[in-house]
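Visitor: The structure under discussion is supplied below as C-alpha cells; questions concerning it will follow.
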Amino acid sequence: MKKFALCLLAATTLAGTAALAQGELNYTTADVVKFPRTIYAGEVAGVATNSKGHIFVFQRAGNPWIALGGSRIFTHGGDQLLQFDQNGTFVREIGKANYAATVANSVRVDARDNIWAVDRTSGMVIKFAPDGSRILMLLGRKPESINVTIAGGGGTGRGAAPAEGAAPAAARGAAAAATAPAAGRGGPPGAGSQADTFSGSSDVAWDAQGNIFVSDGWGANNRVAKFTPDGVFVKSFGQTGSDNQSLNSPRSLAVDAVGNVYVADHNNNRVQVLDNNLNYVRSITGVGAPWAVCISPGATQYLYVSNSNTPDNLEAAGEIYKLQLNGSVVGRFGKAGKGPREFGTVNQMDCRQANTLYTAEAGAWRVQKVTLR
C-alpha cells in the first residue's frame, strides 16, 4: 500500500509539472524606451539590442518625401531607425530619410554589432556599421516607383544599385541581381526570382559562419533566401502554398546555434524548420498564427513565438509562447491589448537574453521589456 501511495504521489507530481509547463508563465513588463521631445512614437515594427544593451527601434514614422508622376508615386523617408542606450535614453537617429525608407518591418543586430534594417515595401535589407555612420551592404532593390493601385507594393524591380559610399560587397550583390529575372517570373507562383530581389522583405538572420537568411513574405513571394556573408545569392526555399515545401506569408525568422532556420509561416499557422541548406526538417504547430520569432542564446536555446493579434482585432490572441527547439511548449504568457502585461500586435521580438524579451508592438506604438520569472 505504501509503495502504491509513493507511485501515486510521483505520478501526481509529474502530471502537475507537465500542466505547469503548458500553462501560464510568470512575467513582468516595463516601458523602457524614452522618446525625446522632438520624436513621437509611431507604429513600432522592429526592436533589437546589441552587445552593450543598447536598444534599436525601427518604426513607421518620420517625414516622408512624396512626388507624384502620372498614376505612380515616388516616396522615401517614411521610416525612423532610432538608437537608445541601455537605460532607454535616446542616442541618435540612424540613416535619416534614406532612399529605402518606406515601410519599416524589422531591425536586427548581428554578432559584430552591425545593424540591419528591413523595409518591406521597398524590398530592401540595409546593413549599417555599428555606429550607424555608413552603409556596409545592400540586399534587394527598391523600384523607381510604386503603383498606387497596388496595396503595399513591394520591391519587384530588377537589379540593385548600391548607395553612394556603400561597400564593394553591396555592389557585388547588386550586380548579381541585375542579371536576374524580375521577382516571380519563370517559376512556381510565389517562388520569386533566384536572386536578391524581394517582393516584400520581412526579416533577416545569420548563422555562425555569417551566412545571411532573408524572409520574403509581404508581397507576391513566399520564400526564404540564403546569401554568403558577402551578399552573394546562394539559393531560396519556398513558394506559395501549404505543403512542407511551401510558405504563406513568412513574416519572421531566426537561426539556432547549429544553423537551422525557423520561419514564422503565419498564414499556415506553423513554424517551418529548415536546415542550413534550406531543406525542410519539420513543422511546429499549436502556437497559433506565428507573427514574430526569436531564439535565445546559451547552452540551452529557446524559441519564442508570438501569436499576435491582427491589427483589426484588438482582443484576439496576443500570447507569446516559449518552446524548446524540438517544438515542445514550455509555457505561454500575455494576451492582446495595450495595457501593462498585454501586447498590441507584436511585429518583432528580441531575446538576446534567455529570460528577457523586447517586443516591438505595431498596434500599441511601443516597445516593452518582458522579464520572465
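Visitor: Just one of the numbered conditions (1) over 30 Å from Leu136 (Cβ atoms); (2) part of a loop (DSSP other than H, G, I, E, B) is not true of Thr197; which one?
Guide: Only one criterion in (1) over 30 Å from Leu136 (Cβ atoms); (2) part of a loop (DSSP other than H, G, I, E, B) is unmet by Thr197, namely (1).
Visitor: Give just the number: which of (1) touching a Gly at 6+ places or on another chain (Cβ under 7 Å); (2) of a type in the set (A, V, I, L, M); (3) without any contact (Cβ under 8 Å) to a residue 24 or more places away in the chain does Ala299 not satisfy?
Guide: All conditions pass for Ala299, except number (1).
Visitor: For Lys96, state whether it is charged (D, E, K, R), in contact with a strand residue (DSSP E or B) (Cβ under 6 Å, 6 or more places away or on another chain) and at pLDDT below 95.
Guide: no
Visitor: Here's something else I'd like to know. Which of the residues belonging to region 342-357 are buried (at least 23 other Cβ atoms within 10 Å of the Cβ), farther than 14 Å from Gln59 by Cα, touching a residue at least 60 places away in the same chain (Cβ under 8 Å) and not acidic (Asp, Glu)?
Guide: Across region 342-357, the qualifying residue is only Leu357.
Visitor: Then there's this: Under 6 Å by Cβ, and 6 or more places apart or on different chains, what pairs join a residue from region 110-125 that is on the phi > 0 side of the Ramachandran plot and assigned to a loop (DSSP other than H, G, I, E, B) with one that is surrounded by fewer than 24 Cβ atoms within 10 Å (Cβ to Cβ) and of a type in the set (Asp, Glu)?
Guide: Sorted first by the residue in region 110-125, then by its partner, the list stays empty.
Visitor: Also, I was wondering about something else. Step by step: first the residues of region 306-355, then only those that are among the β-branched types (Val, Ile, Thr) and within 25 Å of His54 (Cβ to Cβ), then the one that is nearest to the chain's Cα centre (by Cα). Which residue is that? Reasoning before the result, please.
Guide: So in region 306-355, the residues among the β-branched types (Val, Ile, Thr) come out as 310, 320, 329-330, 345-346.
From what's left, within 25 Å of His54 (Cβ to Cβ): 320, 345-346.
Details: Ile320: 15, Thr345: 13, Val346: 10 Å.
Selected residue: Val346.
Visitor: Would you say Thr149 is more than 21 Å from Gln209 (Cβ to Cβ), among the polar types (S, T, N, Q) and modelled with pLDDT under 85?
Guide: Details: more than 21 Å from Gln209 (Cβ to Cβ): yes; among the polar types (S, T, N, Q): yes; modelled with pLDDT under 85: yes.
The answer is yes for Thr149.
Visitor: Does region 119-139 contain at least one residue that is in contact with an Asp or Glu (Cβ under 6 Å, 6 or more places away or on another chain) and either modelled with pLDDT of 70 or more or over 25 Å from Asn222 (Cα atoms) (or both)?
Guide: yes
Visitor: Another question about this same structure. Name the residue that is modelled with the lowest pLDDT, counting only residues in region 64-93 that are among the small types (Gly, Ala, Ser), surrounded by 13 or more Cβ atoms within 10 Å (Cβ to Cβ) and over 19 Å from the mean Cα position of the chain (by Cα). Before the answer, list the steps.
Guide: Residues of region 64-93 among the small types (Gly, Ala, Ser): 67, 69-71, 77-78, 88.
With the extra rule that they be surrounded by 13 or more Cβ atoms within 10 Å (Cβ to Cβ), the set shrinks to 77-78, 88.
With over 19 Å from the mean Cα position of the chain (by Cα) added as a condition, the list becomes 77, 88.
On the way: Gly77: 69, Gly88: 97.
The residue in question is Gly77.
Visitor: Among the residues of region 326-344, what is the count of those that are touching a helix residue (DSSP H, G or I) at 6+ places or on another chain (Cβ under 7 Å) and either among the aromatic types (Phe, Trp, Tyr) or part of a loop (DSSP other than H, G, I, E, B) (or both)?
Guide: Of the residues in region 326-344, 0 are touching a helix residue (DSSP H, G or I) at 6+ places or on another chain (Cβ under 7 Å) and either among the aromatic types (Phe, Trp, Tyr) or part of a loop (DSSP other than H, G, I, E, B) (or both).
Visitor: Moving on to the next point. Hey, any hits in region 352-366 for a residue that's assigned to a strand (DSSP E or B), touching a strand residue (DSSP E or B) at 6+ places or on another chain (Cβ under 8 Å) and of a type in the set (Gly, Ala, Ser)?
Guide: Checked against the condition, which is being assigned to a strand (DSSP E or B), touching a strand residue (DSSP E or B) at 6+ places or on another chain (Cβ under 8 Å) and of a type in the set (Gly, Ala, Ser), region 352-366 yields at least one hit.
Visitor: While we're here: How many residues does region 277-302 hold that are in a loop (DSSP other than H, G, I, E, B) and surrounded by fewer than 21 Cβ atoms within 10 Å (Cβ to Cβ)? Give the steps one after another, and end with the answer.
Guide: We begin by selecting, within region 277-302, every residue in a loop (DSSP other than H, G, I, E, B); these are 277-279, 285-291, 296-301.
Within this subset, residues satisfying the condition of being surrounded by fewer than 21 Cβ atoms within 10 Å (Cβ to Cβ) are 277-279, 285-286, 296-301.
Qualifying residue count, region 277-302: 11.
Visitor: Taking region 303-317 on its own, how many of its residues are at pLDDT below 95 and buried (at least 17 other Cβ atoms within 10 Å of the Cβ)?
Guide: Selection size over region 303-317: 3.
Visitor: Is there any pair linking a residue in region 319-341 that is in contact (Cβ under 8 Å) with a residue 60 or more places away in the chain to one that is among the β-branched types (Val, Ile, Thr) and in a loop (DSSP other than H, G, I, E, B), with Cβ under 6 Å and at least six apart or on different chains, and which?
Guide: Qualifying pairs under 6 Å: none.
Visitor: Among the strands (runs of 3 or more DSSP E) lying completely within region 206-262, list those that include at least 1 residues that are loosely packed, with under 15 Cβ neighbours inside 10 Å.
Guide: On the way: elements: 212-216, 223-227, 233-237, 250-255.
Hits in region 206-262: 233-237.
Visitor: Here is a further query. Within region 357-366, identify whether any single residue is charged (D, E, K, R) and under 17 Å from the mean Cα position of the chain (by Cα), and answer yes or no.
Guide: yes
The values are calculated or read from the model by the stated rules, or taken from the named source; none is laboratory data. Since we're looking at a predicted model, the values are computed, not measured. Cβ: placed from backbone, ideal geometry, glycine included. Neighbour counts: every protein chain shown.
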